[in-house]
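Note sheet for the following structure.
The values are calculated or read from the model by the stated rules, or taken from the named source; none is laboratory data. Bear in mind that the values here come from a model prediction, so they are computed numbers and not experimental data. Every residue, glycine as well, gets a Cβ built from its backbone with ideal geometry; the counts of neighbours run over all protein chains shown. Quick note on the areas: whole protein, heavy atoms, side chains included, nothing else; ligands and nucleic acids left out. Shrake-Rupley method; radii C 1.70, N 1.55, O 1.52, S 1.80 Å.
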Amino acid sequence: MPGRELIDAGIADGSIDTVVVAFPDMHGRPVGKRVTADFFTSHVAEHGIECCDYLLAVDVDMNPLPGYQFTNWDTGYGDVVCRPDYTTARRIPWLDGTALVICDLTDDAGAPVEVSPRQILRRQLERAAERGLRVCSATELEFFLFRDSYEEADAKGWKGLTPHTSTIEDYQLLQTAREEYILRRIRNEMLGAGIPVEFSKGEAGRGQHEVNVTYDEALVTADHHLVFKNGIKEIAAQEGRAATFMAKWTMEDVGSSCHVHTSLWDSESGDALMADASHASGLSTVGRRFLAGQLHAARELAWMAAPTVNSYRRYVPGSWAPTAVVWGEDNRTCGFRVVGHGAGRRVESRVPGADVNPYLVVAAAIAAGLYGIDHELELGDPYPRNAYEATDVPRIPSTLVEAIAGLRDSAVALEAFGPEVHHHLLNTAEQEWAACNRHVTDWELARNFERI
């Protein structure tokens, strides 16, 4: 049962008593309100519900940040209206009596809030549609699972945690069988929430997992990602365990990625547009330009794939995280890997980490690809060897500072997002760096307290 009818029927038969009204913040987290069934029916269902606009101008600790034009102390931090998009309505099997609907944000007059992540992605899909293109996407989230609960991890200061397994469990079935009490719940309860999970597998770290979700239209994919990531944390917590999506929780293990797959389809005929078996690259003209744009903008838009200080610790040679801005045919050492055949031909960006905002990272991929199409950029040859060892290729930014500089001067971002959104994104990045510089790390103390 789709949409509004699903919620109405559940309220009518008493199986739904709570409706989560949510939208993504700038960090890719669902925020919003839990609404009682009667109030949802009488007030929220048709008209939406108000939330403070500061939710698009805070850090992960909910501190209001300076520097935003959209909202600030001078504007008084007013309200935005959360308007349900009933195509996203679903039951949440791991929360009794609960349904969820994702909202679009508007002002009181109904005008979209352009700096909201969901609207940022919508605008890029509209730009693609103007060119006769439909964009499909998939996000591959990795995470680490721990024997500690979140409360126990907090009490330990997030140190000395015990990964759920003591050995690397990449594709291993014996080790992952011991975690099935959680992974089985994730697979099946996500299916119950309407998220099309394909499979789970152990990954290349101790206690690390990947759960794959079928590709879809790009906005649907980002919505799935929002619910999926939060749901994994909620299910893990119910089992007394913690899961983290940090890009690099420890330098002693691999990082967690969020590989982003994108492909182009004809918006009228529905035909796949990426493949051309007659060309040496296996890509069509539009496919080559789409990939060339992603390569061209990889450094400029790196922050949208790596939004935190921690993100850049993931880019370690030989760690399965890329360091080179090159493309390769099924080459996992490259920043961009082309895979699939026929209608399945697609670009996989291996640059993003698991800490991304799905709406922003997919919007960036589309914006970059459309730039390549509009400017008819030429695609170079694929990199045929170990790209970690390449000496003559551009590199993914190695620090947040470098990524901020790229975003600040980005012609691609300004052209694709416009000055209002560009400013909002840039300030979010700059405030993350400013927050980092207000802290002295344990490493600095241990290294310098006595010996300097």
- Task: Could you tell me which GluC sites (Glu not before Pro) in segment 98-138 are loop residues by DSSP with no more than 12 other beta carbons within 10 angstrom of their beta carbon?
- Result: none
- Message: What are the ³J(HN,Hα) couplings of segment 218-226, residue after residue, when phi is run through the Karplus curve with 6.51, -1.76, 1.60 and θ = phi - 60°? Round to Hz, x for glycine and proline.
- Response: 4, 5, 4, 4, 5, 5, 4, 4, 4
- Could you state the number of Å between the C-alpha centres of segment 227-285 and segment 28-46? 29 Å
- Message: What's the ranking of 203-212, 395-404 by average number of surrounding C-beta atoms within 10 Å, highest first?
- Response: 203-212, 395-404
- Message: Just to check I understand the Karplus step: with θ = phi - 60° and J = 6.51 cos²θ - 1.76 cosθ + 1.60, what whole-Hz values come out for segment 269-275, glycine and proline as x?
- Response: 7, x, 6, 6, 10, 7, 8
- Query: Among the Cys residues of the chain, which have no other cysteine Cβ under 4.7 angstrom away?
  - Reply: CYS51, CYS52, CYS136, CYS258, CYS334, CYS436
- With a 1.4 angstrom probe the carbon and sulfur portion of accessible area for segment 340-432, in percent, totals 51 percent
- Two-site label geometry, ARG332 and THR214: point separation in nm, points 7 Å out along Cα→Cβ: 2.5 nm
- Query: Mind checking which aspartates and glutamates have their C-alpha under 13 Å from LYS156, skipping anything on the same chain fewer than 8 residues away?
  - Reply: ASP148
- Message: Can you tell me, using C-alpha contacts under 8 Å and at least 6 residues apart, the relative contact order of segment 302-452 as a whole percent?
- Response: 29 percent
- Query: Considering only DSSP beta bridges whose two residues both sit in segment 278-433, what percent are antiparallel, to the nearest 5?
  - Reply: 60 percent
- Identified option (computed mean projected area of the Cα convex hull in nm²; candidates (i) 23.5; (ii) 49.3; (iii) 26.6): (i)
- Item | Residues of the chain: accessible area per residue with a 1.4 Å probe, Å² | 43 Å²
- Query: To the nearest 0.05, how large is the calculated FRET efficiency for ASP79 and ALA434 if R₀ is 35 Å and r is the Cβ-Cβ distance?
  - Reply: 0.85
- Once fully extended, how much extra length lies between TYR388 and GLU46, figured as 0.36 nm per residue of separation less the alpha-carbon to alpha-carbon distance? 117.8 nm
- Dividing the helical contributions, -39500 (n - 2.57) per DSSP H run of n ≥ 4, by the residues of the chain yields a 222 nm value, nearest 500 deg cm²/dmol, of -10000 deg cm²/dmol
- Query: What's the center-to-center distance, using Cα atoms, between segment 322-341 and segment 195-225 in Å?
  - Reply: 19 Å
- Item | Exposed-site-free run, longest, the chain (rule: chymotrypsin sites (Phe, Trp or Tyr not before Pro); DSSP loop; at most 15 other C-beta within 10 Å) | 172-448
- Using only alpha carbon pairs under 8 Å that are at least six residues apart, calculate the relative contact order of segment 27-162 and give it in whole percent. 14 percent
- Approximate spin-label separation TYR171-ASP59, in nm, with each point projected 7 Å along Cα-to-Cβ: 4.2 nm
- Query: So for the chain: antiparallel DSSP bridges make up what percent, rounded to the nearest 5?
  - Reply: 85 percent
- Antiparallel bridges, percent of DSSP beta bridges restricted to segment 324-408 (to nearest 5): 60 percent
- Low-density loop positions, GluC sites (Glu not before Pro), segment 348-385 - DSSP coil, at most 12 other Cβ in 10 Å: GLU376, GLU378
- Query: Carbon-plus-sulfur fraction of the accessible area of segment 41-164, 1.4 Å probe, in percent?
  - Reply: 51 percent
- Pseudo-spin-label distance ARG184 to ARG147, built 7 Å along Cα→Cβ, given in nm, is 2.1 nm
- In whole Å, how far is the Cα centre of segment 54-84 from that of segment 359-433? 26 Å
